[in-house]
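Visitor: Pasting a structure here, questions to come.
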Amino acid sequence: RSEGSTASEESQRKQKPRQQSPEFPSSSMTDFKQDMPPPGGFPKVRWKRNIPKSRFNGPMIYAGFFAITGYGLWRVVTGNRAETIKRKQICEERTRRLEDLQRKENVKTFLKVREILDADFSKPGGEHH
């Protein structure tokens with residue numbers, strides 16, 4: 001209670017109705033208007049799906065998928081086989097070249113050893129090591 005107020009003023013404050021916010025209107029408001037459907041009603045809802053007939057059915061799509069996949073796999077397998085043959089040929093060529101190089105290196109080594117031995121035996125005194 002405040003000092004200057006009387007009991008009758010307090011009772012009037014308690015009885016005074018609270019004002020509602022415009023966001024939440026009360027049912028006691030007289031200017032309430034309910035939304036109604038338009039005259040003649042709403043237009044019909046199209047609930048059926050209008051899908052055109054497809055040119056391809058399920059089995060045709062599967063057959064196409066497997067045909068394309070099979071062709072792709074065949075290309076991969078034949079490509080892998082050709083690559084394997086090519087690699088084998090390269091390895092055989094390297095082996096042949098290495099054999100030739102080794103043969104030439106062996107001849108060079110043999111000639112050097114022979115020169116060393118000939119020089120050693122041709123020394124006066126005929127001593128060997």
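What follows draws every value from the coordinates through simple rules; no lab data is involved. Given the structure is predicted, the values throughout are model-derived calculations rather than measurements. Backbone-built Cβ (ideal geometry, glycine too); neighbour counts: all protein chains shown.
Visitor: What number in nm² do you get for segment 65-125 if you take the convex hull of its Cα atoms and divide its surface by four? Show your work: numbers first, answer last.
Guide: Details: hull surface 17.0 nm².
Its average projected convex-hull area is 4.3 nm².
Visitor: Grab the Cα-Cα distance for SER54 and VAL113, subtract it from 0.36 nm times how many residues apart they are, and report the gain in nm with one decimal. Write down the numbers at each step before the final one.
Guide: Numbers: separation 59, 0.36 × 59 = 21.24 nm, distance 8.67 nm.
My answer for the length gained is 12.6 nm.
Visitor: Sticking with this one: With each pseudo-label sitting 7 Å past Cα toward Cβ, what's the PHE65-LEU101 distance in nm, one decimal?
Guide: So the label points at PHE65 and LEU101 sit 5.3 nm apart.
Visitor: Through the Karplus equation 6.51 cos²θ - 1.76 cosθ + 1.60, θ set to phi - 60°, convert the phi angles of segment 104-114 into ³J(HN,Hα) values in whole Hz; use x for Gly and Pro.
Guide: 5, 5, 5, 5, 4, 5, 4, 5, 5, 4, 5
Visitor: Let me ask another. Explain nothing, just compute: Karplus ³J(HN,Hα) = 6.51 cos²θ - 1.76 cosθ + 1.60, θ = phi - 60°, for every residue of segment 80-85 in order, whole Hz, x for Gly and Pro.
Guide: Result, ordered by residue: 5, 5, 5, 5, 5, 4 Hz.
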